[in-house]
Amino acid sequence: MFLLRREARERTTPIGALHRAVTRWGEAERSSSRVAFRRWCDGVAYVDVQARTYADFWNRQNEQALTADGPLWVVLGDSTAQGLGASSPLHGYVGQVLRALRSTGTPWRVLNLSRSGAQTRHVLDDQLPLMDGLQPALVTCGIGTNDILGTPPKRFRDHLRQVIDRLPSSSVVMDLTVPDRFWRVGGAISPYVTSVNQLIGSTALERGLPVAEVSRYARPPWRGLLAADNFHPNNFGYRQHADALRAALPAVLLQRGISAKLSVAGAPGPRQPTPARVVRPDGVRREVGG
């Protein structure tokens, strides 16, 4: 499985790679535990396919966003920002909050630079540089879940500080879901995740950035809130993430007739007919229009 092409690996969730390793395991023996395990692996495979199709969806949306008018929202993050586990990309928290923003009558655009499997280093090295030259009215960043077991603690904390320090002043930082009673490993790592959330809160406070406290909204019991892989949220689980983000948004963003105010504040107004830079989560840029 480690010989997958690089581009395939980048669009594969970390947990999704497990399906390739175990899909043939247990064919000769049909114990209830193995059947349950295979059923879970099928759920993982389904969400793993979503990683590719949802990335394609957001790539197309990004092209449209950069050639349209209206306040710009830039999304940084991992598979939860992609909406993996939801019934469609627009039923993740990004889609749900976008509907709330547009319900004010303001034609918000969203540029989703997130990537499934992303860690803090990917935000630093790949996603933040793609914002060069943009003037977003809102930036949201939810990152760190994939670092919990994948990045040494000191490096993880250093990366988190760097991410928050480099965010523009129009940003909202999202903290992490505390995996209390989530699988058997959840209880063991919950204190660590709580300490990471404290770091997110204190570092954001130093910058004067609001924090969307997902940890307060997404809590057990988890029944009915998870996708088929028992890891990512489903539509209802993402509603909790969306509620946390909406609660942290500056009130002015949810007012009607906000477009003119945002333009005065420095957000882009009507776009000029110059070539637009299309930004894709995989880091590819190209020029359109002109």
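FYI, it's all coordinate maths here, none of it is from the lab. For clarity, every value in this text was computed on a predicted model and none was experimentally measured. With ideal geometry, Cβ positions are generated from the backbone for all residues, glycine too; neighbour counts draw on all protein chains shown.
How long are the semi-axes of the ellipsoid equivalent to the stretch 52-144, from square roots of 5 times the Cα gyration tensor eigenvalues, in whole Å, largest first? Present the calculation step by step, with values, prior to reporting the outcome.
Working: eigenvalues 74, 54, 27 Å².
Whole-Å semi-axes of the equivalent ellipsoid: 19, 16, 12.
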Using unit Cβ charges (K, R positive; D, E negative) and no other charged atoms, how large, in debye to the nearest 20, is the dipole of the stretch 93-244 about its Cα centre? 280
Under 5 Å from the placed amide H of Ala212, counting only residues 5+ away or on other chains, we find Val173, Met174, Asp175
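Relative contact order for the stretch 60-264: what is it in percent, counting Cα pairs under 8 Å that are at least 6 residues apart? All intermediate terms of the calculation are to be shown ahead of the outcome.
Details: 353 pairs, mean separation 51.8, N = 205.
That works out to 25 percent.
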Among 118-128, 53-63, what's the highest-first ranking by average C-beta atoms within 10 angstrom per residue? 118-128, 53-63
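Students often check this: by mean Cβ neighbours within 10 Å, which of 150-162, 206-218 ranks highest, and how do the rest follow? Numbers along the way, then the final one.
Numbers: 150-162: 15.3, 206-218: 17.8.
Taking the mean over residues of other Cβ atoms within 10 Å, the ranking is 206-218, 150-162.
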